[in-house]
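Take this structure, written in structure tokens, and hold onto it; I'll ask about it next.
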Amino acid sequence: MEQTSEGSTREETHPREARGRISESVGVILALAMLMALFYVVQVGWQHFVVNTFVAASRDVAWMAPLSAAFFSLFVLGPVWLFAPYLARDRARAAAIFGGTWLLVFAMLLPWTQVHRLAAAALAAGVATAAVRTFSSTSRIAALRRIGLASFVLMMLAAGTIASAQWWHISRGFASLPEPHAGAPNVLFILLDTVRASAMSLHGYERSTTPEIDRLAAGGTVFDRAISTAPWTLPAHASLFTGEYPGLLSVSFRSPLDDRQPTLAEHFRDAGYETVGFTGNLHYTGWDSGLTRGFLRWEDFVRNVTQTLRSGWIGQSRFALQLMHARVRWQVGQAFRQPEFWVVPKPGGEERNAADMVDAVLRWQGERASRPYFAFINFFDAHEDYRPPADLRTRFAPEPTRRDLHDAEIFYIDRELGRLLRDLETRGALANTIVVITSDHGEQFGEHKMSGHGNSLYMQLLHVPLVVRYDGQVPAGRRIDREVSLRDVGATLIQLAALPNAKSFAGTSLAGLWSGDTLPSWQPSEAVSELTQDAPPPSSDPLGRSQGVSLALEGAHLIHRNVKNAKPEFFDIVRDPEEATNLAATPEGQRRMLGHRQRLSEVLARDAARFAARDTSDVVARRSGADKP
């Protein structure tokens, strides 16, 4: 009986002990996961607030990171807590401490690609072994769990603070808006990220990639030779938003836009407009880019499961991203056959596709205030990696190449853009509205033996679409065949909207080109482009700030690369739009090139003088205390 009773007692206590060991193991793993998340959040904060560089993380990182760390820790260390009931208690504890610490240290080393992965694993194992010796007692495990809980509470407080600050910013912004002037038009500013003019049927491409844009453009003015100021995203956007050439801006691959120049959105906000931005490009137009200044609302990172999992070192590793984005079995197999345990540089986040972007804009339209709006939309689908919808994947070829897929993505954007415009028109939201469609830069597909963008100043990257439509104010069916700079788009919008203090915004309105203004005092900005990557800010040496500059003028294009012994390149872009023949060494080319060189030198010298004047005024303001709040 006693044996039965004892046996009965053992049968009742064994499940409780098993649950206790599982609970203890899970608690230890989660505590270390919270430390992992805390370290990641601190790193993001340090990069943003101290280093002032890009963080590639959502503003919701403070609550997303703990969830990401908890999921991956429990998933990767599943064998540890699942087999805890079958181990002695001290061994179960040791396994949980070792596994959690090893994963924590290895995750922190993922961004350090200089450290070999085997060395990183060995180092993590050494730290984990020391942790087992340190935290093996019951009291210290309890202390570890309290540290984990405190870390979680701290991050939740940070998340709440950030959310409150965002709400306060929006509420205060709306409350402080002045009354707009009577008849103020809306502005719909649409940017097709990574779309060159030659890929659009609007500009003569043999494929019908942009039928909806073609129809819209028929009612407005098309600029057939619009030139971007830069061959990659951030400086091109920054130039559009400030009216400045990139050489006068702070932007680079590591530096966001600073607050020295007023932005286009600030001008419209100060004129009483509701300013909103929607972007699919999370690499260089997110909340950490500096481009959001002046926008009351800026939508970038989504809130979904995948973005949450990406909010940490493990979720940003190449291996984890391959698994999360795998759609078929062979993609999963490829990830396991060649696992890459390192954090992708500038990993970004989960981008909205064109359909999601349009849905977000329409939701906002359904709830927006009854005042004029300035809305900016960046469609990112035409940027690599190309993943058009299944019904469009083979639209231009049964076995599509990169170029075919790129064209399919442009058609997809165009289709969704047509849906947006029709819906807005039905709602009456396009009445009295200025619509601008352009791009930040193009893409190379083997021309000049190059692919991608951000690496040259050829027309494949610089020649972009530009359409301006404003019924009753901008001529319909007009096409302008001369070089214009995207730098002047902002000034054009400010003039069309009749905003006050228009002269305080850099650049020159393009309205003179369709109004027939031939006064000598009116001249649009020169179509100068700059390739600036990690170069220092501009200085007294105009060329020292970038890897190269170019000038498109009167049907010709001069490229000056800032490389030792680099020869100039000069192309006739009317007769040779692909820039296949360098005329720099020919008599005709040398003759025509003199004027381009002189004009480029004048622009760069003027830019450098403006920078010096601005820098001096900043010093005077600091000394006088004029910049103090």
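The values are calculated or read from the model by the stated rules, or taken from the named source; none is laboratory data. Since the model is a prediction, treat every value here as computed from it, not as a measurement. As a convention, Cβ positions derive from the backbone with ideal geometry for all residues, glycine included, and neighbour counts pool all protein chains shown. Just so you know, the surface numbers come from the protein's heavy atoms only, side chains and all, with ligands and any DNA or RNA stripped out. Shrake-Rupley method; radii C 1.70, N 1.55, O 1.52, S 1.80 Å.
Please work out whether region 412-488 counts as rounded, prolate or oblate from its C-alpha gyration tensor, where a ≥ b ≥ c are the square roots of the eigenvalues and a/c under 1.5 means rounded, while otherwise a/b larger than b/c means prolate and anything else oblate?
Working: a/c = 3.35, a/b = 1.77, b/c = 1.89.
Verdict is oblate for region 412-488.
Let me ask you something else. Among the GluC sites (Glu not before Pro) in region 183-264, which ones are in a DSSP loop with at most 12 other Cβ atoms within 10 Å of the Cβ? Mind listing them? If you can, show how the numbers build up before the last one.
On the way: sites: E206, E212, E244; in loops: E206, E244.
Those that pass, being in a loop and sparsely packed, are E206.
Under the rule of at least 5 residues apart or a separate chain, name every residue whose amide H is placed under 5 Å from the amide H of R482.
Result for R482 returns D224, R225.
Give me the accessible area per residue for region 30-135, probe 1.4 Å, as a whole number in Å².
Numbers: 5060 Å² over 106 residues.
On a per-residue basis, region 30-135 sits at 48 Å².
Add -39500 (n - 2.57) for each DSSP H run of 4 or more in the chain, then divide by its residues: what number comes out at 222 nm, to the nearest 500 deg cm²/dmol? Can you show the working numbers first?
Numbers: 18 runs with 284 residues, N = 629.
Helix-only estimate at 222 nm: -15000 deg cm²/dmol.
Quick one: 3J(HN,Hα) in Hz for region 199-206, Karplus 6.51/-1.76/1.60 with θ = phi - 60°, rounded, Gly and Pro as x.
3J(HN,Hα) across region 199-206, in whole Hz: 9, 10, 4, 4, 10, x, 5, 5.
Something else about it: With a ≥ b ≥ c the root eigenvalues of the C-alpha gyration tensor of region 98-205, is it rounded (a/c under 1.5), prolate (a/b larger than b/c) or oblate? Kindly include the intermediate steps, with their values, before the conclusion.
Values: a/c = 6.73, a/b = 1.74, b/c = 3.88.
Oblate.
Next question, about the same structure. Accessible area per residue, 1.4 Å probe, Å², for region 231-302: what's the number?
Numbers: 1420 Å² over 72 residues.
On a per-residue basis, region 231-302 sits at 20 Å².
How large is the accessible surface of W46 in square angstrom, using a 1.4 angstrom probe and rounding to the nearest 10?
Here the residue's solvent-accessible area equals roughly 150 Å².
So, one more: Rounded to the nearest percent, how much of the accessible area of region 135-198 (1.4 Å probe, protein heavy atoms only) is carbon and sulfur? Walk me through the numbers before you get to the answer.
Details: 2360 of 3390 Å².
About 70 percent, which is the carbon plus sulfur part of the accessible surface.
Let me ask something else about it. Among the DSSP beta bridges whose two residues both lie in the chain, what percent are antiparallel, rounded to the nearest 5? All intermediate terms of the calculation are to be shown ahead of the outcome.
Details: 26 of 53 bridges.
Looking only at bridges with both residues in the chain, the antiparallel portion is about 50 percent.
Please work out whether region 191-275 counts as rounded, prolate or oblate from its C-alpha gyration tensor, where a ≥ b ≥ c are the square roots of the eigenvalues and a/c under 1.5 means rounded, while otherwise a/b larger than b/c means prolate and anything else oblate?
In terms of gyration-tensor shape, oblate.
For a quick protection proxy, order the peptides 308-315, 384-391 by their average other-Cβ count within 10 Å, most packed first. List each step's numbers first, then the result.
Values: 308-315: 25.8, 384-391: 14.1.
Those peptides, ordered most packed to least, come out 308-315, 384-391.
Between region 344-370 and region 135-162, what's the alpha-carbon centroid distance in Å?
35
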